[in-house]
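A.B. asks: What follows is a single structure, and I will ask about it in a moment.
The values are calculated or read from the model by the stated rules, or taken from the named source; none is laboratory data. Source: prediction; values computed, not measured. FYI the Cβ positions are ideal-geometry reconstructions off the backbone, even for glycines, and counts take in every protein chain you see.
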Amino acid sequence: MQLSRQHFGSRPTMTKLCSTPAGAVLVATDMSKNRQEVLIERPEVGRRRRMTVMATRGDYDGFAEQLLPLAAPSLSGLRQPATITGPLRTGC
């Protein structure tokens, strides 16, 4: 997350707006303690993949191996569990 000094109306914004790069892979992750539900959308129309990544080193390594061959920029969004209430987190 990048801080911005831009103003929205009469109050400053907390984040910097950035557009999605053309051809980017979108990765949405629903975080939980023991497993993460991941949805990967490739730039091709209709190409989505759903994965469950357990909270183990082997599963995290396997998830990274799934993303590497895509050879495209990626944009990730993380949703925290209900016990850590907050908005969707994205990185630019």
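A.B. asks: Does at least one position in region 32-49 carry a residue that is surrounded by 15 or more Cβ atoms within 10 Å (Cβ to Cβ), of a type in the set (A, V, I, L, M) and touching a residue at least 40 places away in the same chain (Cβ under 8 Å)?
C.D. replies: no
A.B. asks: Which numbered condition in (1) more than 15 Å from the chain's Cα centre (by Cα); (2) loosely packed, with under 14 Cβ neighbours inside 10 Å is the only one that Pro73 fails?
C.D. replies: (1) is the only condition that Pro73 fails.
A.B. asks: Right, another one. Among the residues of region 22-41, is there at least one that is basic (Lys, Arg), within 15 Å of the chain's Cα centre (by Cα) and at pLDDT below 85? So that I can check it myself, show each step before the final result.
C.D. replies: Within region 22-41, the subset basic (Lys, Arg) is 33, 35.
Applying the additional criterion that residues be within 15 Å of the chain's Cα centre (by Cα) yields none.
Checked region 22-41: no residue is basic (Lys, Arg), within 15 Å of the chain's Cα centre (by Cα) and at pLDDT below 85.
A.B. asks: Something else about it: Are any residues in region 57-76 within 14 Å of Pro43 (Cα to Cα) and part of a helix (DSSP H, G or I), and if so, which ones?
C.D. replies: Of everything in region 57-76, those that are within 14 Å of Pro43 (Cα to Cα) and part of a helix (DSSP H, G or I) turn out to be Leu67, Pro69, Leu70.
A.B. asks: OK, next. If you scan region 19-51, which residues turn out to be in contact with an Asp or Glu (Cβ under 6 Å, 6 or more places away or on another chain) and more than 15 Å from Leu75 (Cα to Cα)? Break it down into steps so the answer makes sense when it comes.
C.D. replies: Here is the first cut: in region 19-51, the residues in contact with an Asp or Glu (Cβ under 6 Å, 6 or more places away or on another chain) are 26, 30, 37, 48.
Correct list: Glu37 only.
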